[in-house]
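This report refers to the structure that appears directly beneath it.
The values are calculated or read from the model by the stated rules, or taken from the named source; none is laboratory data. Keep in mind that this is a model prediction, so the values were computed, not measured. Cβ coordinates were reconstructed from backbone atoms using ideal geometry, including for glycine residues, and neighbour counts include every protein chain displayed.
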Amino acid sequence: MMKPYSITRRLIATVLLIELVSALSVTVVAFLYERHAHFRSFDILLRGRADSLLGAVQDAEDASDNLMLDGSEVSIPSADIYEVKDANGRVLGQSANWTSAGGQLHERRSESEHFNADSSSSDRSLFFETMVNGKTYRAIRIDGLRIVDPGDKGGIRRYVTIYYGASTSRVWRSVFRVVSFYAFSSLIVLAATGLLMAWLLNRGLAPLRSLATGAAQVSVVSWDFSPPESARQSRELAPLVIAMENLLFGLKRSFEQQRRFAGDAAHELKTSVAVVKSSLQLLQMKRRTAEEYEAGLERCLSDCERMEQIVAQMLMLARVEEGHTGEPSEFLADVLQCVHEVTEQLATMAQGNGISLQVQGEDSLRVAVNPELLKLLCLNLIMNALQHSPEGSAITVNVSRLEDSVEIRISDQGEGIAPEVLPYIFERFSRSDPSRSRKTGGTGLGLAICKGITDQLKGSIEVFSQLNQGTTVVVRLPRTSDAGTNAPLSVRNA
């Protein structure tokens with residue numbers, strides 16, 4: 001059994017996951033940008049302080065014409081380290097904590113190292129990173145030029161090398177402080193988004209919950225279904241509301257038809273049983289002649305045959321509706337030939353009632369259907385027309401070709417069907433005139449069987465009728481591709 005899950009939770013989790021990935025991406029980009037910006041500013045700071053050291057290099061005014069570093073002209077943080085050398089490698093000055101650096105700075109190349117050369121100056125600088133007492137320092141080395149006594153024939157050119165470094169810990173603290181702000185802000189937005197989504201989804205799905213509550217109250221004894229207006233007005237839920245209403249309407253109608261079918265079937269069979277029982281009781285009340293016994297038995301036999309006909313048609317209707325009449329693709333029936341066979345079977349009945357049967361249509365129009373099932377369809381329709389046609393009238397059966405189907409049109413000149421009855425004629429035990437049905441032998445199942453057959457064959461059946469003018473039944477069945485295209489017209493009168 002699959003574990004139930006919440007769509008709301010999945011949506012919230014998906015959105016939050018997307019936001020989390022986005023927040024991480026923004027945090028990484030912010031980290032890279034802030035690191036670049038802070039270290040660029042840090043490099044400018046290092047360069048400025050190294051230049052101030054270069055500016056503090058002066059002539060010592062001694063006999064050897066040496067250089068000196070005037071410390072009074074520079075202000076260096078105590079935590080920074082530096083060393084100034086002349087071209088001969090003589091140390092002109094160094095920071096108090098230079099000895100902790102091991103006496104020299106080891107230029108360790110890294111991705112952050114770069115040369116900074118100015119084409120208008122002979123100064124050449126190199127940024128690099130090194131380790132001092134377990135701490136990371138970023139340092140700059142400047143190979144600079146100092147001109148001493150510039151007024152004396154252009155001055156004396158002195159080359160010096162300056163090493164200057166500062167710890168990067170405060171830079172990293174600044175970077176992480178800014179990135180932490182971005183990350184913390186993203187987490188706050190993430191939490192707020194989750195709460196807001198939960199509230200919005202809970203409110204947005206309220207019509208769906210109301211719809212489910214209303215649908216849960218529907219049962220076989222109560223078909224009242226009142227969907228909320230909020231669900232009906234929702235563009236996403238409106239199709240579901242319409243589908244549920246149509247489904248429940250169909251189910252309600254189906255249940256009502258089943259209930260009515262069971263009641264009508266019981267009534268029909270009970271009436272026939274009561275007639276048989278009363279006939280036998282009447283024969284039992286006193287002694288009767290052989291002719292009277294024979295007449296009573298004939299009445300009983302007639303009602304038994306009627307019950308047998310009802311049961312047989314009920315079974316046929318059940319088979320048709322359940323599709324137990326065989327696959328249509330297994331058979332191929334000639335429509336006009338089946339109609340001729342049915343009219344020949346009913347010719348005696350038509351002549352006895354003084355009714356003319358006329359059949360016309362094209363030969364070789366075939367449909368994929370069991371021929372016996374097609375004959376049953378035509379038999380019920382023509383029999384129904386015979387039972388409701390007056391003496392001296394005519395019934396016409398026309399078989400014609402449509403674009404992709406075969407049409408069977410049966411028209412009579414009977415009394416017609418009332419407009420209020422016409423929508424229900426395909427329901428079981430439906431009769432336009434109940435008092436007439438026993439006289440004509442109808443059971444009210446013939447048209448229901450016809451409707452079931454056409455539905456099974458993916459065809460259609462329509463009835464057009466006007467009182468005192470007649471009725472026309474139109475049946476359309478899908479035509480097979482091997483049907484003839486130049487078949488002759490066949491006309492027959494019965």
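Out of Ile408, Ile425, Ile461, one residue alone is modelled with pLDDT under 85 and in contact with a helix residue (DSSP H, G or I) (Cβ under 9 Å, 6 or more places away or on another chain). It is Ile425.
Of the candidates Tyr182, Tyr163, the single residue that is surrounded by 12 or more Cβ atoms within 10 Å (Cβ to Cβ) and in contact with a Lys or Arg (Cβ under 8 Å, 6 or more places away or on another chain) is Tyr163. Cβ separations smaller than 6 Å between residues 6+ apart or across chains give the following pairs from the range 73-96 residues that are more than 14 Å from Asp59 (Cα to Cα) to residues that are among the hydroxyl-bearing types (Ser, Thr, Tyr) and outside any strand (DSSP E or B): Val74/Ser52; Ile81/Ser95; Tyr82/Ser95. Scanning the range 469-494 for residues that are among the polar types (S, T, N, Q) and at pLDDT 85 or above yields Gln469, Thr471, Thr472. When Leu248 is tested against (1) surrounded by 15 or more Cβ atoms within 10 Å (Cβ to Cβ); (2) modelled with pLDDT of 85 or more; (3) over 26 Å from the mean Cα position of the chain (by Cα), only condition (3) is not met. Scanning the range 48-77 for residues that are closer than 23 Å to Asn133 by Cα and at pLDDT 85 or above gives Arg49, Ala50, Pro77.
Specify which of the listed residues (Ala212, Ala266) is within 22 Å of the chain's Cα centre (by Cα), in a helix (DSSP H, G or I), farther than 30 Å from Ile18 by Cα and free of Cβ contacts under 8 Å to residues at least 24 places away in the same chain. Step through it out loud before you land on a result.
Working: Ala266 fails: within 22 Å of the chain's Cα centre (by Cα).
Among Ala212, Ala266, only Ala212 is within 22 Å of the chain's Cα centre (by Cα), in a helix (DSSP H, G or I), farther than 30 Å from Ile18 by Cα and free of Cβ contacts under 8 Å to residues at least 24 places away in the same chain.
On the stretch given as the range 222-239, residues that are in a helix (DSSP H, G or I) and in contact with a Ser or Thr (Cβ under 9 Å, 6 or more places away or on another chain) total 2. For Ala50, are the conditions met, namely being touching a strand residue (DSSP E or B) at 6+ places or on another chain (Cβ under 6 Å), surrounded by 15 or more Cβ atoms within 10 Å (Cβ to Cβ) and touching a residue at least 24 places away in the same chain (Cβ under 8 Å)? Yes: the conditions hold for Ala50.
Residues of the range 81-131 that are touching a helix residue (DSSP H, G or I) at 6+ places or on another chain (Cβ under 8 Å), at pLDDT below 80 and not in a loop (DSSP other than H, G, I, E, B): Asn116, Ser125.
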